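Input: a single structure, listed below in structure tokens.
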């Protein structure tokens, strides 16, 4: 019987090739991340809006973000010796500072999305980046983006990323695609994956090491994992299914929104930060769609692309309130498969189920030959 392989990203090695998606605001913190790491995957703490959890954060949000991140990493480390990651959006105004904090705290992996990570963070010099134990992994939505990063890093830094996450159009939250691309078969994960693997291959030969590609966006079952591995992925990143766990750091009402939603409730919205996003339909989003502006005070411009004057609501605030169970003033991001969630389980039970589903898919594949 074919077993799930280990995942190796630089010196970081896990017993299962499963990475839990970093979900903000506050949906994946130390509770979820440590539980996933303890079961052999990579648990990921989301940094988006993490400082909102701090008392008096509005006085100095950047400092609050760093304090909260250190606290969550420390709490996770107290619960597990497994692999821990941090998800930091390049679009965040304090990306450089949060990246430096992750390195100082010796996080295993930093996942970087919402932009092209070309330059070294201003808070880290190249020698420190090479020497630190933290592995930097860009999240991309196309082979073209991956190739641009590989070219730039190789030419200007003399190195390449430790790995890539390729996120397809079925992912939850902000999308790296235009609206019309979300349902275009040409942009399906299974079509994008071979293209990125082909772009990575020459650099693997040049640098004499593997650059694993992790598939994400719509990965829901063990059979999905097998399909991704068969296409050449080294592992998968999953977010939606981990929301429906007891250890997920979101309020029970947030998890219930996943349990209650149907296929028709998963919608694409226009985010205030200028990107399409996938979310669960509710009254808050209905009001916004009708042109209603939700009043808010901007503590600071947390995302570089946010137009504070024109934005109908603060997305960090809306997501943060939903995480706390307040759906009157917020909403939940979710993947395209969120409607398939029917029960809450433990992370341990979920990981075991994914392994069982994978093994069953292998048996069915062999029987069909």
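The values are calculated or read from the model by the stated rules, or taken from the named source; none is laboratory data. All figures in this text were calculated on a predicted structure; none of them were measured in a lab. Virtual Cβ from ideal backbone geometry, glycine too; neighbours counted across all protein chains shown.
Listed values, structure above:
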{"read-out": "Positions within the stretch 247-267 being in a loop (DSSP other than H, G, I, E, B) and in contact with a strand residue (DSSP E or B) (Cβ under 7 Å, 6 or more places away or on another chain), in sequence order", "value": "261"}
{"read-out": "Entirely in the stretch 268-369, the helices (runs of 4 or more DSSP H) that have 3 or more residues that are at pLDDT 95 or above", "value": "347-368"}
{"read-out": "Scan of the stretch 71-87 for residues that are assigned to a helix (DSSP H, G or I) and in contact with a strand residue (DSSP E or B) (Cβ under 9 Å, 6 or more places away or on another chain), ordered by number", "value": "72, 73, 76, 77"}
{"read-out": "When residues of the stretch 309-330 are limited to those that are closer than 26 Å to residue 182 by Cα and free of Cβ contacts under 8 Å to residues at least 60 places away in the same chain, the one surrounded by the fewest Cβ atoms within 10 Å (Cβ to Cβ)", "value": "310"}
{"read-out": "Count of the stretch 201-214 residues which are over 17 Å from residue 236 (Cα atoms) and outside any loop (DSSP other than H, G, I, E, B)", "value": "7"}
{"read-out": "Qualifying residue in the stretch 144-153 (condition: farther than 30 Å from residue 180 by Cα and under 21 Å from the mean Cα position of the chain (by Cα))", "value": "no"}
{"read-out": "Some residue of the stretch 60-67 being in a loop (DSSP other than H, G, I, E, B), surrounded by fewer than 22 Cβ atoms within 10 Å (Cβ to Cβ) and either assigned by TED's automatic domain parsing to the domain that holds residue 319 or in contact (Cβ under 8 Å) with a residue 60 or more places away in the chain (or both)", "value": "no"}
{"read-out": "Residue in the stretch 205-228 that is loosely packed, with under 15 Cβ neighbours inside 10 Å, outside the structural domain of residue 291 (by TED's automatic domain parsing), closer than 21 Å to residue 42 by Cβ and free of Cβ contacts under 8 Å to residues at least 24 places away in the same chain present", "value": "yes"}
{"read-out": "Test: residue 224 is closer than 19 Å to residue 24 by Cα and out of contact with any strand residue (DSSP E or B) (no Cβ under 6 Å at 6 or more places or on another chain)", "value": "no"}
{"read-out": "Top-ranked residue in the stretch 38-59 [being crowded, with 18+ Cβ neighbours inside 10 Å and in a helix (DSSP H, G or I); ranked as farthest from the chain's Cα centre (by Cα)]", "value": "57"}
{"read-out": "Subset of the stretch 104-146 [in contact with a strand residue (DSSP E or B) (Cβ under 8 Å, 6 or more places away or on another chain) and over 19 Å from residue 168 (Cα atoms)]", "value": "107, 108, 109, 110, 129, 134, 135, 136"}
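This table checks each residue for (1) modelled with pLDDT of 95 or more; (2) in a strand (DSSP E or B); (3) outside the structural domain of residue 218 (by TED's automatic domain parsing); (4) in contact with a helix residue (DSSP H, G or I) (Cβ under 7 Å, 6 or more places away or on another chain).
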| position | (1), (2), (3), (4) |
| --- | --- |
| 13 | yes, yes, no, no |
| 19 | yes, yes, no, no |
| 22 | no, no, no, no |
| 25 | no, no, no, yes |
| 31 | yes, no, no, no |
| 34 | yes, no, no, yes |
